[in-house]
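Asker: Here it is, the structure, as structure tokens.
The values are calculated or read from the model by the stated rules, or taken from the named source; none is laboratory data. Everything numeric in this text was worked out from a predicted model, so none of it was measured. All Cβ positions, glycine included, derive from the backbone under ideal geometry; neighbour counts span all protein chains shown. Surface areas here come from the heavy atoms of the whole protein model, side chains and all, with no ligands, DNA or RNA. Shrake-Rupley method; radii C 1.70, N 1.55, O 1.52, S 1.80 Å.
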Amino acid sequence: MSEAALSIDRLAVVLHRNGAPVSVLADVRLALAPGEVLALVGESGSGKSTLGLALQGLLPAEAAPRIAGSVRVGGMEVVGARPPELRMLRRKVVRVVPQDPMAGLNPTMKIGRQLAESGGSGPTIRDWLARTGLHDAERILNALPHELSGGQRQRVLIAMAMLARPQLLIADEPTTALDTTTQAHILALLRRLAEQCRTAILFITHDLAVAGSLADRIAVLHGGRIVETASARALLAAPQHIYTQRLLTALRDVNTCPAAPGERGAGTALRLSSVTKSYRLGRQPVLKSVNLLIRKGECVALVGESGAGKSTVLRIAAGLVAPDSGDVARADLRPQMVFQDPASAFTPWLRIGEQIGDRLGRQRDRHARVGQALEWVGLDPAMANALPGELSLGQCQRAALARAVVAPPALLLCDEPVSAMDMPLAVAILDLLSELRHRLGMAVLFVTHDLAVARKVGDNIAVLKDGELVEEAAADDLLDNPQTDYTRALIAAAPARVSIR
Amino acid sequence: MPYIVRRVIGLVIVLLAMTFIVFCLESLVPTDPARAMAGVSAPISTVEMVRQQLGLDQPLPTRYGRFLLRLIQGDLGMSVRTRQPVLNDIMRYLPASLELCAFALLGGALLALCLAMLQGWFPNAASLRFAITAAGSAPIFLTGLLSAYLFWFVLGWLPGSGRLTGRSFAGPTGFNVLDGLLAGRADIVVDAIAHLVLPGLTLALPIAVAIGRSLAGALHDVMRQPYIRTARGKGLAEGRVVLCHGLRNAASAPLAMAGLQVGLLFGNLLIVEQTFAWPGIGLYMVQAFASSDLPAILGASLVLGAIYLAIGIVIEIAQSLADPRITLRA
Amino acid sequence: MSGLGLFTRTRWADRAGLLSVLTITLMTLAAGVITPFDPQSRVAAAYLAPSAAHWFGTDEIGRDLFSRVLQGAQLTWLPAVTVIGLALFFGAAVGLVSGALGGWVDLTLQRVVDLFLVLPPMLIALTVVAVLGPGIVNTVIALVIFWWPWYARITRDEVRRLKGRPHFEAAQLGGIDPFCLWFRYLLPGAVPALVVAATLDVANVVLAMALMSFLGLGQPAPAAELGAMTARSLESLTVYWWLPILPAAAVWLMCLSANLAGDGLRSVLRGA
């Protein structure tokens, strides 16, 4: 008889935030068989992280949690268990792979010691390191976390978890902070572990595409409740619940609805000629002789892995940083920029309207123009009096666009502006961007690591690898007929997304 | 260049700056030292002769050079009050103060740990925080007075002044506790410790409050980090999580605060040594101030300043040991 | 962020601290007017215990102790606030220039600041005062000289941190003029750290001044200085307890208020 690895029945969790009770999870039912991979999909605020914490018995004490219902892991009841039992549970039965591998490791303790704490002797530890793909065991055991790459840290965390041979492994968005290719490797690794070790995996994510490529079954969490559970294939083909349908629509939108091409104006918005840049003398150059041309009104999507130099290209184009050699020609004195984290793109103590209006200096019609810019981006002009902290993520990014276009630039630079967003919100922002492009005739340089987004947004796609531009072509051409191996590898690693049509 | 070498060079530079400041201060004294030596009613010619003898008519760089030369030879001048070389005076009184400070720092550190732990266990206890703030705000002459009054005058549990009761005992190191141990005399050791308690704890209180608050704040931030959740997720006991994962990452700011407290210790030392009649360098300084004994004031300032700088280096080394990411750089 | 809204979010201890600080400041400003008796002249028999007529009793000459303590508080609190104010002004200015300009200006200024920071504070202050002679002005000068580098360091660190943040880069790209950039987009970011440090430092300066007066480095005898009052009456502790204890308690109250206010500000600014 094989007992379910995880069995959740009518779980309800109430947390106290600022003294007030908030129902975070309600009537959650879930079951996992040994060796099965279940993806729990939900947007931020849906309660998915709380579920992970509850399964470990690690809900924060300051929130005075109230738990009702039943959670059985490997035959043991978690709700109402005493601390020593919970500790045993965490030692042997349930393990978590956290979201941020850098923050998840003690920065001042050697990797070897942190692994040893997880249980297991020297040979076992090396064995597990090898199984997760880390073969340089000596160096890694003696290293500190900041000396490893993101992918290596995540593998260490996976090895740390598997050392306990847990029955249930909870992977809490483990690949959000990683490159597409590394993400593909980690997902494949998790798949292997589930099969070989008969470990049930609960994979928490906000990305439906990633869920589809990895999991046997998908459960959708919305507002603290499980709204739909089905096999991955069935759910993606025919979603039953409205929310799931909305998620899938957004996903399809990104993959199948490219933006209408812009009016190509005469003239160049940006030209980089043989631009080279290194940050430290004698080190490898970050950019090697990059040539990039963006015509007026055109949108070029720049894709590449982290460390390829995409941000450096943006900063050189913006004029924040000067290249070591090569030429930068701009139509504009000041291209505008939109950032990945919209909240940190605004000075926290000044009002939105002031920050937008400061671009105009002391002009008579300043107030009117700020209001107009806010309307263009779909915000109420009264928002000008709000502080950045009062705005939601989506509102903030719209306000950032308003700031950029209040004095319309010839070139708009975008640094992964939708990477931190859930799909429906991302689609809305990308549509807005498109609309602004057409209204104002702006050229756009859009940096992203996500090929699907690049396809939706860009007229052309340029691929950057280790500081060199390896391929550039019209979006559809590049994705349908990639010319270089690297591009092919990128397309292959993208989680089933580009191929969802 | 290895860290120690760079730091020593930096230390020398700062010491030179200090000596220059001290030298300038000497020259700023409003009274004319030549006239003071010669006497108020001495004729001008005598004053000038004295001035030549003292070398006060030389240009500034030469005077500074000779001043440095004297310093290197260990000549800190002659105390006006005790009529002894200042260096000798300092060497006599320094061990007593060092013993007291060591006791205070140790006691302060331990107390700080207790306070930080208490605040961690009762994070929302407003009264606890208030009590700690109240204790830390008290001026040291008040706490010294009150503790002497309570524990010595009223309760008679502990001695209120001096280092040893009545007997004369002088060991090799000048640290009575150590000397007592070396000489195998338990009665001396107990007596010395009993005398250390009141002044030591009075000194330790502000240190403990400052470091404790810094530690509590740093721990509060650290315990919210994701890697603490990872550690708990391994099923480790809470005590181990706090000690091995929490404290070490929280150590940097409290260590910096400890360095700061050592700097402030000096001022408090003067008060405490005066209140408890502790024959240390603080009492020496107080008497020097009272009798405007400038050579003693300046000489002692230099020596104490050098010690303070050395402790700064020790703190830096401790910080880098706690956090291996901090590379020691000048 | 409305001020009143801020106020209602604090805890009772922090509110008490802020109110206390305000009260003390007002009382010390008005000390010349509100003292019940003349602090310098004999108004009753010596060594009277505290009573309804003389709230703090009288001292060895028969002067009303409450009036003397009030005047002493004025001589301690107001100069302390002045020291902090001046040190803040110079320190923040240097820190802002240093952090905003960067380059060799930053490097040079930082060496100067480092030099000041490394010297043991109390030591040099005491020595300077001992040499220049007692007096309020000299004390204030000595303390300002050795306090400003802390604020320069804090300001510079905050400004440098802010310069690297996306919101500052966005402002730079936006074409905002430099004056506006420095004073609206950089300096206000350093204000929370500065305010917290300054409020907590008020207590430290008060203690430093009380300490110096205890050691006899404050103003000469007839002046009502709190530390000196305690020092002079140490021996009477067991007989006329109010003479050493009450002035010291006044110092305690001032420090406690400043510390509570500083803690309250810190927790409000952290949560905001």
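Asker: What's the number of the only condition in (1) surrounded by 15 or more Cβ atoms within 10 Å (Cβ to Cβ); (2) within 28 Å of the chain's Cα centre (by Cα); (3) not aromatic (Phe, Trp, Tyr) that A:Gln284 fails to meet?
Answerer: If we test A:Gln284 against (1) surrounded by 15 or more Cβ atoms within 10 Å (Cβ to Cβ); (2) within 28 Å of the chain's Cα centre (by Cα); (3) not aromatic (Phe, Trp, Tyr), just (1) comes out false.
Asker: Kindly list the number of the only condition in (1) crowded, with 16+ Cβ neighbours inside 10 Å; (2) touching a residue at least 12 places away in the same chain (Cβ under 8 Å) that fails for A:Leu53.
Answerer: Going through the list (1) crowded, with 16+ Cβ neighbours inside 10 Å; (2) touching a residue at least 12 places away in the same chain (Cβ under 8 Å), A:Leu53 breaks only (2).
Asker: Please find, among C:Ala80, C:Ala73, C:Ala93, C:Ala100, the residue that is within 17 Å of C:Val196 (Cα to Cα), assigned to a helix (DSSP H, G or I) and either within 14 Å of chain B (Cβ to nearest Cβ) or modelled with pLDDT of 85 or more (or both). It would help to see each step written out before you state the result.
Answerer: Numbers: C:Ala73 fails: within 17 Å of C:Val196 (Cα to Cα); C:Ala93 fails: within 17 Å of C:Val196 (Cα to Cα); C:Ala100 fails: within 17 Å of C:Val196 (Cα to Cα).
Checking each option against the conditions leaves just C:Ala80.
Asker: Looking at segment B:112-130, which of its residues are open to solvent by 70 Å² or more (accessible area, probe 1.4 Å) and either away from every other protein chain (no Cβ under 14 Å) or under 30 Å from B:Ala277 (Cβ atoms) (or both)?
Answerer: Across segment B:112-130, the qualifying residues are B:Leu113, B:Cys114.
Asker: Of everything in segment C:227-258 that's assigned to a helix (DSSP H, G or I) and aromatic (Phe, Trp, Tyr), which residue is least open to solvent (accessible area, probe 1.4 Å)?
Answerer: Step one: filter segment C:227-258 for residues assigned to a helix (DSSP H, G or I), giving C:227-232, C:234-238, C:242-258.
Subset that is aromatic (Phe, Trp, Tyr): C:242, C:252.
Numbers: C:Trp242: 16, C:Trp252: 85 Å².
Only one residue fits best here, namely C:Trp242.
Asker: Consider C:Arg160 carefully, then state whether it is buried (at least 21 other Cβ atoms within 10 Å of the Cβ), on the phi < 0 side of the Ramachandran plot and of a type in the set (Lys, Arg). Before you say what the answer is, go through the steps one by one.
Answerer: On the way: buried (at least 21 other Cβ atoms within 10 Å of the Cβ): no; on the phi < 0 side of the Ramachandran plot: yes; of a type in the set (Lys, Arg): yes.
So C:Arg160 does not fit the description; no.
Asker: Moving on to the next point. With the requirement that a residue be in a helix (DSSP H, G or I), farther than 27 Å from A:Gly47 by Cα and open to solvent by 20 Å² or more (accessible area, probe 1.4 Å), what does segment A:136-181 give you?
Answerer: A:Glu138, A:Arg139, A:Leu141, A:His146, A:Glu147, A:Gln152, A:Thr181
Asker: Looking only at segment A:470-479, decide whether some residue is of a type outside the set (Ser, Thr, Tyr), assigned to a helix (DSSP H, G or I) and open to solvent by 40 Å² or more (accessible area, probe 1.4 Å). Quick ask: steps written out before the conclusion?
Answerer: Filtering segment A:470-479 for residues of a type outside the set (Ser, Thr, Tyr) gives A:470-479.
Filter again for assigned to a helix (DSSP H, G or I), leaving A:475-479.
Pick out the ones that are also open to solvent by 40 Å² or more (accessible area, probe 1.4 Å) and you get A:476-477.
For segment A:470-479, residues of a type outside the set (Ser, Thr, Tyr), assigned to a helix (DSSP H, G or I) and open to solvent by 40 Å² or more (accessible area, probe 1.4 Å): present.
Asker: Continuing with the same structure: Considering only segment B:53-82, state which residues are modelled with pLDDT under 75 and part of a helix (DSSP H, G or I).
Answerer: Across segment B:53-82, the qualifying residues are B:Gln53, B:Leu54, B:Leu60.
Asker: Moving on. Quick one: in segment A:79-113, of everything that is surrounded by fewer than 22 Cβ atoms within 10 Å (Cβ to Cβ) and away from chain B (no Cβ under 11 Å), which residue is farthest from A:Val14 (Cα to Cα)?
Answerer: Looking at the filtered set, the residue picked out is A:Gly112.
Asker: Quick one: in segment C:160-188, which of the residues that are within 35 Å of the chain's Cα centre (by Cα) and more than 17 Å from C:Val97 (Cβ to Cβ) is farthest from the other protein chains (Cβ to nearest Cβ)? Before you say what the answer is, go through the steps one by one.
Answerer: Of segment C:160-188, the ones within 35 Å of the chain's Cα centre (by Cα) are C:160-165, C:167-168, C:178-188.
Among the residues that remain, those that are also more than 17 Å from C:Val97 (Cβ to Cβ) are: C:164-165, C:167.
Values: C:Gly164: 11, C:Arg165: 6, C:His167: 5 Å.
Applying the filter and picking the extreme gives C:Gly164.
Asker: Would it be correct to say that A:Arg330 is surrounded by 15 or more Cβ atoms within 10 Å (Cβ to Cβ), modelled with pLDDT under 90, more than 24 Å from the chain's Cα centre (by Cα) and among the basic types (Lys, Arg)?
Answerer: On the way: surrounded by 15 or more Cβ atoms within 10 Å (Cβ to Cβ): yes; modelled with pLDDT under 90: yes; more than 24 Å from the chain's Cα centre (by Cα): yes; among the basic types (Lys, Arg): yes.
In short, yes.
Asker: For a quick check of your reading of the model, give me the residue pairs whose first member lies in segment C:111-122 and is within 10 Å of C:Pro149 (Cα to Cα), whose second is modelled with pLDDT of 80 or more and buried (at least 19 other Cβ atoms within 10 Å of the Cβ), with beta-carbon atoms closer than 6 Å and at least 6 apart or on different chains.
Answerer: Close Cβ pairs (under 6 Å, with a partner that is modelled with pLDDT of 80 or more and buried (at least 19 other Cβ atoms within 10 Å of the Cβ)) amount to C:Val113/C:Pro149; C:Val113/C:Ala152; C:Val113/C:Arg153; C:Phe116/C:Pro149; C:Leu117/C:Pro149.
Asker: Something else: With respect to the numbered conditions (1) in contact (Cβ under 8 Å) with a residue 12 or more places away in the chain; (2) over 28 Å from A:Ala184 (Cβ atoms), which one is the sole condition not fulfilled by A:Asp358?
Answerer: Here A:Asp358 meets the rest and fails (1).
Asker: Something else: Give segment A:371-414 a look and list any residue that's among the charged types (D, E, K, R), within 26 Å of the chain's Cα centre (by Cα) and either open to solvent by 30 Å² or more (accessible area, probe 1.4 Å) or farther than 24 Å from A:Arg295 by Cα (or both), or say none.
Answerer: If we filter segment A:371-414 for residues that are among the charged types (D, E, K, R), which is where we start, we get A:375, A:380, A:390, A:398, A:403.
Next cut, within 26 Å of the chain's Cα centre (by Cα) only: A:390, A:398, A:403.
Once the filter is applied, which keeps residues that are among the charged types (D, E, K, R), within 26 Å of the chain's Cα centre (by Cα) and either open to solvent by 30 Å² or more (accessible area, probe 1.4 Å) or farther than 24 Å from A:Arg295 by Cα (or both), segment A:371-414 yields A:Glu390, A:Arg398.
Asker: Now for a different question. Take C:Ile154 and decide whether it is within 24 Å of B:Leu11 (Cα to Cα) and either open to solvent by 20 Å² or more (accessible area, probe 1.4 Å) or not charged (D, E, K, R) (or both). Outline the logic, then answer.
Answerer: Numbers: within 24 Å of B:Leu11 (Cα to Cα): yes; either open to solvent by 20 Å² or more (accessible area, probe 1.4 Å) or not charged (D, E, K, R) (or both): yes.
Judged against the criteria, C:Ile154 is a match.
Asker: Give C:Ala224, C:Ala198 a once-over and let me know the one that is outside any helix (DSSP H, G or I), modelled with pLDDT of 80 or more and over 17 Å from B:Leu270 (Cβ atoms).
Answerer: Details: C:Ala198 fails: outside any helix (DSSP H, G or I).
Just one listed residue meets the conditions, C:Ala224.
Asker: How many of the residues making up segment B:74-97 are open to solvent by less than 70 Å² (accessible area, probe 1.4 Å) and of a type outside the set (Gly, Ala, Ser)? Even if it seems obvious, please write down each step before you answer.
Answerer: Of segment B:74-97, the ones open to solvent by less than 70 Å² (accessible area, probe 1.4 Å) are B:74-77, B:79, B:82, B:85-87, B:89-90, B:93-97.
This time we only want the ones that are of a type outside the set (Gly, Ala, Ser), so: B:75-76, B:82, B:85-87, B:89-90, B:93-95.
Adding up the residues that qualify gives 11.
Asker: Follow-up question, since we're still on this one. Could you tell me which residue of segment C:233-272 is nearest to the other protein chains (Cβ to nearest Cβ), considering only residues that are of a type in the set (Ser, Thr, Tyr) and touching a Gly at 6+ places or on another chain (Cβ under 9 Å)?
Answerer: Looking only at segment C:233-272, we keep the residues that are of a type in the set (Ser, Thr, Tyr), and these are C:233, C:236, C:238, C:240, C:257, C:267.
From the residues that got through so far, the ones that are touching a Gly at 6+ places or on another chain (Cβ under 9 Å) too are C:240, C:257.
Numbers: C:Tyr240: 13, C:Ser257: 8 Å.
Checking each candidate, the answer is C:Ser257.
Asker: Okay, moving on. Can you work out which of the residues in segment B:159-211 that are part of a loop (DSSP other than H, G, I, E, B) and among the hydroxyl-bearing types (Ser, Thr, Tyr) is most open to solvent (accessible area, probe 1.4 Å)?
Answerer: From segment B:159-211, those part of a loop (DSSP other than H, G, I, E, B) are B:159-175, B:184-185; that's our starting set.
From what's left, among the hydroxyl-bearing types (Ser, Thr, Tyr): B:161, B:165, B:168, B:173.
On the way: B:Ser161: 66, B:Thr165: 84, B:Ser168: 115, B:Thr173: 54 Å².
Result: B:Ser168.
Asker: Being assigned to a loop (DSSP other than H, G, I, E, B) and either under 12 Å from B:Asp191 (Cα atoms) or facing chain C (nearest Cβ under 9 Å) (or both) is the filter here; which residues of segment B:136-158 pass it?
Answerer: Residues of segment B:136-158 that are assigned to a loop (DSSP other than H, G, I, E, B), as a first pass: B:138-139, B:155-158.
B:Ala138, B:Pro139, B:Leu158 - these are the residues of segment B:136-158 that are assigned to a loop (DSSP other than H, G, I, E, B) and either under 12 Å from B:Asp191 (Cα atoms) or facing chain C (nearest Cβ under 9 Å) (or both).
Asker: Next up: I want to confirm something. Restricting to segment B:21-42 and keeping residues that are part of a helix (DSSP H, G or I) and within 11 Å of chain C (Cβ to nearest Cβ), which single residue is modelled with the lowest pLDDT?
Answerer: At the first step, the residues of segment B:21-42 found to be part of a helix (DSSP H, G or I) are B:21-28, B:33-38.
Applying the additional criterion that residues be within 11 Å of chain C (Cβ to nearest Cβ) yields B:21-22, B:24-28.
Numbers: B:Ile21: 75, B:Val22: 74, B:Cys24: 75, B:Leu25: 70, B:Glu26: 69, B:Ser27: 68, B:Leu28: 65.
Top of the filtered list is B:Leu28.
Asker: Still on this structure, I have one more. Looking at the structure I just gave you, is C:Pro188 part of a helix (DSSP H, G or I), at pLDDT 85 or above and surrounded by fewer than 23 Cβ atoms within 10 Å (Cβ to Cβ)?
Answerer: Spelling it out, C:Pro188 is indeed part of a helix (DSSP H, G or I), at pLDDT 85 or above and surrounded by fewer than 23 Cβ atoms within 10 Å (Cβ to Cβ).
Asker: Against the conditions (1) at pLDDT below 80; (2) in a helix (DSSP H, G or I); (3) not β-branched (Val, Ile, Thr), where does C:Asn138 fall short? Just the number, please.
Answerer: If we test C:Asn138 against (1) at pLDDT below 80; (2) in a helix (DSSP H, G or I); (3) not β-branched (Val, Ile, Thr), just (1) comes out false.
Asker: Quick test for you: out of B:Gly235, B:Gly217, B:Gly246, pick the one residue that is within 10 Å of another protein chain (Cβ to nearest Cβ) and part of a loop (DSSP other than H, G, I, E, B). Let's see the steps before the verdict.
Answerer: Working: B:Gly217 fails: part of a loop (DSSP other than H, G, I, E, B); B:Gly246 fails: part of a loop (DSSP other than H, G, I, E, B).
Only one candidate qualifies: B:Gly235.
Asker: Can I ask one more? Enumerate the pairs (first residue in segment A:94-111 and hydroxyl-bearing (Ser, Thr, Tyr); second residue anywhere and assigned to a loop (DSSP other than H, G, I, E, B)) with beta-carbon separation below 8 Å, excluding pairs fewer than 6 apart on the same chain, so at least 6 apart or on different chains.
Answerer: A:Thr108/A:Leu144; A:Thr108/B:Asp323; A:Thr108/B:Pro324; A:Thr108/B:Arg325
Asker: Consider segment A:104-157. How many of its residues are closer than 19 Å to A:Gln183 by Cα, of a type in the set (Gly, Ala, Ser) and more than 26 Å from the chain's Cα centre (by Cα)?
Answerer: 1
Asker: Please work out which one of (1) surrounded by 22 or more Cβ atoms within 10 Å (Cβ to Cβ); (2) more than 8 Å from every other protein chain (Cβ to nearest Cβ) is the condition B:Pro295 fails and give its number.
Answerer: Result: B:Pro295 passes all but (1).
Asker: Could you check A:Val71 against (1) open to solvent by 30 Å² or more (accessible area, probe 1.4 Å); (2) in contact (Cβ under 8 Å) with a residue 40 or more places away in the chain and say which number it fails?
Answerer: (1)
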